[in-house]
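The structure under discussion appears below in the form of structure tokens.
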Amino acid sequence: MKFFIPLDSAAVALGADEVAALILSEAARLDVTVEIIRNGSRGMVWLEPLVEVVTEAGRTGFGPMTLADVPGLFRDLSAHPKALGLVDALPWMAGQTRLTFARVGVIDPLSLAEYEAQGGLSGLHRAMGLDAAGIVAEVTASGLRGRGGAGFPTGIKWKTVADARADRKYIVCNADEGDSATFADRMLMEGDPFTLIEGMVIAGLATGATKGFVYIRSEYPIAIRVMQAAVRIAEDGGLLGPSVLGRGPRFDLEIRVGAGAYVCGEETSLLNSLEGKRGVVRAKPPLPALEGFMGKPTVVNNVISLASIPVILQRGAAFYKTFGLGRSHGTIPLQIAGNVRFGGLYETGFGLTLGQIVDDIAGGTASGRAVKAVQVGGPLGAYHPRSHFDTPFGYEEFGAKDGLIGHAGLTIFDDSADMLAQARFAMEFCAIESCGKCTPCRIGAVRGTETIDRIARGDATAIPLLTDLCATMKSGSLCALGGFTPYPVLSALTHFPNDFAPVKEAAE
Amino acid sequence: MLDHATPPGLADRIEEILNDHNGMEGPLLPVLHSLQAAFGHVPQAALPIIARALNLSRAEVHGVMSFYHDFREAPAGRHVVKLCRAEACQAMGADRVAAHAKARLGVDWHGTTATGAVTLEPVFCLGLCACAPAAMVDGKLIGRCDEARLDAVLDGVRA
């Protein structure tokens, strides 16, 4: 029997290792020969651990698996209480447009042969038939924008680095995915690491960079382990090293590990950290594209931006651009989290409304209570009320609602949430994680928590003070940490004023 | 040197670690990670040696070490329990779980129980946001870590 059992962090956190171990020992007891592939997650976290059995009909799913469900896998499968049917036919899977995540959960993440068999490296092969300018033109034409949150056009960033003259250039992958509700980078690295490596190699060809770094947060031990193994396999397979695929230029890749500083997800802070310095934000200009790692021209891209490059080269910019809405082209891996019935990763073209995502795809809350707020874009994103549920998922569309899509994480809260407490947490988090370089962030966040405490004690005169402080932080901070903390604070205040009322009537 | 005894074999081990990172661009974080992996903390006696080897001032090395939440000056308890405090976990009751952990262990964040068994630490996101609340105990990930689950975990790490 052949099994797929995810090695993905979420699956492991829900018992996948124990299920895998029991399947092995049960098979030994029954004298059944089994093969277990530890794959990535399909992204249906509510079904994890999701065990797949290869049958004549295809890959059949069973989940969420407990240890008690294991013996049944060796009896009549159709009678198994956790049988889900063919995994690819499940509505969650069938409804998606999986371009970047096409292989995640499908293949053995550390099999370069399987990677190639499933379309891997065909983007790189096509790129090697183009010149550097041709690759940049393709990426520009695809309309791909930075998936880390800032939404800057990837092609333009690459062109800046390609046009810069220097003896060395670098590709730095920002895998410091610190935003709550986001786990797409982690899932991609754990489930299909060669896609990221291929994207970085293509970025090297396009810009003349010969060295890459993946800066992964230390909170992701499994992603670190898989990426380190994948780099060694890619070196042995000739994808990385002195000559890419034996006919290209040199490209080396190094995995680096962060050290628990949220602010290092900001690109200049990340570069300082990579250089071995305090993760303090740098003022821009100079742009990292011109003076980045060690002062050399550097592409800094998010994991998902880089991992979307292979499919863009493979299937062409025009194909990729057919998905999406307005100026948000292509697909986006939505990460649906928090108090949610069906949570996980759902890749789709831009343009679904917030309501379609929360009510239809995610099925509302896990608690069964009403949805009160959805925070979109991580800790620096706004809290959206139900009245925003008609907002289409796109960079500009959420900007118009005084919010942002960030790294496309959505945290759902039910009606027991206290939005004043959430606003206070945003300020507290900013105070804890501030790098300390600029005053509005370093001091403002501390004063922000104090001011919200005054409001909580019933002092309504502190409300205009909070609004004023947020304006200062927004316009006076060097980076998004201080500059965007006002999004969750002000959205909570604007959309949920009852939670900030001097007398909380409900509490009386 | 601060108030912690110099671990035995420190000088040799630092030398080895520095050699392992020879030629690396920006080696300081990897060096500190390796030291912490070897000793469970970053022995402060190592800082001047690192500073000399990397041509940095002691203040610079101290500045880097103290900037990052991960690096500890002193050993943690025998078990480290990290609870996620971030929003997705809050939406599933992480604040309640944290209060329960603090009460049961009798410590606040970053505290170690009197017996030295358990250190309690906050963490901001383990990427387990769709199976919140999340925890990490001695490096092992735990999803849907409500009060009951946490109690079972703490029962297992009393030693």
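Quick notes
- Across peptide B:130-143, the mean count of Cβ atoms from other chains lying within 10 Å of each residue's own Cβ comes to 6.
- Here the 3J(HN,Hα) profile of segment A:205-211, calculated from phi with Karplus coefficients 6.51, -1.76 and 1.60 at θ = phi - 60°, is 4, 6, 10, x, 7, 10, 9 Hz, Gly and Pro shown as x.
- Overall shape: prolate for segment A:419-507, with the ratio a/c of the largest to smallest alpha carbon gyration tensor axis at 1.5 or above and a/b above b/c.
- Projecting label points 7 angstrom from Cα along Cα→Cβ for B:Arg104 and A:Gln356 puts them 4.3 nm apart.
- Sites A:Ala421 and A:Leu130, calculated FRET efficiency, Cβ-Cβ separation with R0 45 Å, nearest 0.05: 0.30
- Within the protein assembly as shown, antiparallel bridges make up roughly 55 percent of the DSSP beta bridges whose residues both belong there.
- With the simple model of a label 7 Å out from the Cα in the direction of the Cβ, A:Asp163 to A:Glu26 spans 6.1 nm.
- Cβ-based exposure ranking for A:His495, B:His110, B:His62, in which fewest neighbours within 10 Å come first: B:His110, B:His62, A:His495
- Computed per residue of chain A from DSSP H runs no shorter than four, each worth -39500 (n - 2.57), the mean residue ellipticity at 222 nm is -11000 deg cm²/dmol.
- Residues A:Ser122, A:Ser434, A:Ser308, A:Ser416, sorted so that the one with the fewest Cβ neighbours within 10 Å comes first: A:Ser416, A:Ser122, A:Ser434, A:Ser308
- Subtracting the Cα-Cα distance of A:Lys284 and A:Thr472 from 0.36 nm times their residue separation leaves 65.8 nm of extension gain.
- Rounded tilt (10° steps) of B:147-156 against the dominant C-alpha axis of chain B: 50
- Rg then Dmax, both in Å and based on the Cα atoms of segment A:1-93: 11.9, 36.
- Shape call, segment A:206-311: gyration tensor on alpha carbons, a/c limit 1.5: oblate
- A crude spin-label estimate for the pair A:Glu35 and A:Arg454, with each label 7 Å from Cα along the Cβ direction, gives 6.8 nm.
- Degrees separating the helix B:58-67 axis from the principal Cα axis of chain B, which is the longest one: 10
- In order along segment A:98-106, the phi-based Karplus estimate (6.51 cos²θ - 1.76 cosθ + 1.60, θ = phi - 60°) of 3J(HN,Hα) comes to 8, 9, 5, 9, 3, 9, 5, x, 8 Hz; Gly and Pro are listed as x.
- Residue exposure proxy: B:Val157, A:Val263, ordered by other Cβ atoms within 10 angstrom of their Cβ from fewest to most, comes out as B:Val157, A:Val263.
- Range in chain A, longest, excluding exposed trypsin sites (Lys or Arg not before Pro) [loop by DSSP; at most 10 other beta-carbon atoms within 10 Å]: A:248-456
- Rounded to the nearest 20, the size of the Cβ-charge dipole of the protein assembly as shown about its Cα centre is 1120 debye, with Lys and Arg at +1 and Asp and Glu at -1.
- Size of electric dipole in segment B:10-67: Cβ of Lys, Arg +1 and of Asp, Glu -1, about Cα centre, debye, nearest 20: 200
- Principal axis extents of the Cα atoms in chain A, from largest to smallest and rounded to whole angstrom, are 72, 62, 40.
Every number in this text was worked out from the coordinates using simple rules, so none of it is lab data. The structure displayed is predicted, hence computed values, not measured ones. Cβ: placed from backbone, ideal geometry, glycine included. Neighbour counts: every protein chain shown.
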